[in-house]
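Take a look at the structure below.
The values are calculated or read from the model by the stated rules, or taken from the named source; none is laboratory data. Since the structure is predicted, the reported quantities are computational estimates derived from the model, not experimental observations. Positions of Cβ are generated from backbone atoms using ideal geometry, with glycine treated the same way; all protein chains shown enter the neighbour counts. For accessibility, only protein heavy atoms count, side chains too; no ligands or nucleic acids. Shrake-Rupley method; radii C 1.70, N 1.55, O 1.52, S 1.80 Å.
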Amino acid sequence: MAASPGPAGVAGAAGAGAVYGSGPSGFALDSGLEIKTRSVEQTLLPLVSQITTLINHKDKTKKSDKTLQAIQRVGQAVNLAVGRFVKVGEAIANENWDLKEEINIACIEAKQAGETIAALTDITNLNHAESDGQITIFTDKTGVIKAARLLLSSVTKVLLLADRVVIKQIITSRNKRLTIYNLRHS
């Protein structure tokens, strides 16, 4: 399976993605069939927004306690949302043996990335305020960016694989209806 990268290198973004290929179940898509992934883009928007908030915080070496707490809350929110997402992805994997391994790998990557973001934004291990009430920290912005990229990539993989499941269900349903129609009219 391959997806065309959209804007900012996110597969499937802006409805530009296409899914091609066949799985071990015999489910195959015509090589010329393009499946728009606007639903993937819409699903990723809140996550992208939260990650953008984390990455774009001001690069001052001194941050107020309030700013640090806000950054930590966003990191925790991302991790919690990823945890819920992974549970749904794992449930889909358990019901679809032909895609189980691929979905589970993407879910593991997403979970690791979410945990990394939460750890990198955790302020509980920081030495607290200097005399001016500010906290001096070294922010691993590069680490957050790497974890965010892995997170977006793995979440996109899970969404695209879930789309394959839905497409397979639609095709199976259509084929059953065609079979019933043909039996009635033969």
Query raised in the report: Out of all the residues in region 83-125, which are of a type in the set (S, T, N, Q) and surrounded by 14 or more Cβ atoms within 10 Å (Cβ to Cβ)?
Result: Asn96, Asn104, Gln112, Thr116, Thr121
Query raised in the report: Among Ser153, Ser173, Ser186, which is open to solvent by 30 Å² or more (accessible area, probe 1.4 Å) and either touching a helix residue (DSSP H, G or I) at 6+ places or on another chain (Cβ under 7 Å) or in contact (Cβ under 8 Å) with a residue 12 or more places away in the chain (or both)?
Result: Ser153
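Yes or no, residue by residue, for (1) modelled with pLDDT under 85; (2) within 20 Å of the chain's Cα centre (by Cα); (3) more than 22 Å from Val158 (Cβ to Cβ); (4) hydroxyl-bearing (Ser, Thr, Tyr):
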site: Arg38; (1), (2), (3), (4): yes, yes, no, no
site: Ser49; (1), (2), (3), (4): yes, yes, no, yes
site: Ala93; (1), (2), (3), (4): no, yes, no, no
site: Trp97; (1), (2), (3), (4): no, no, no, no
Report task. Would you check which residues across region 103-153 are at pLDDT below 85 and part of a helix (DSSP H, G or I) and list them? Result -> Lys141, Thr142, Gly143, Val144
Report task. Kindly indicate whether any position in region 55-62 is at pLDDT below 90 and among the aliphatic types (A, V, I, L, M). Result -> yes
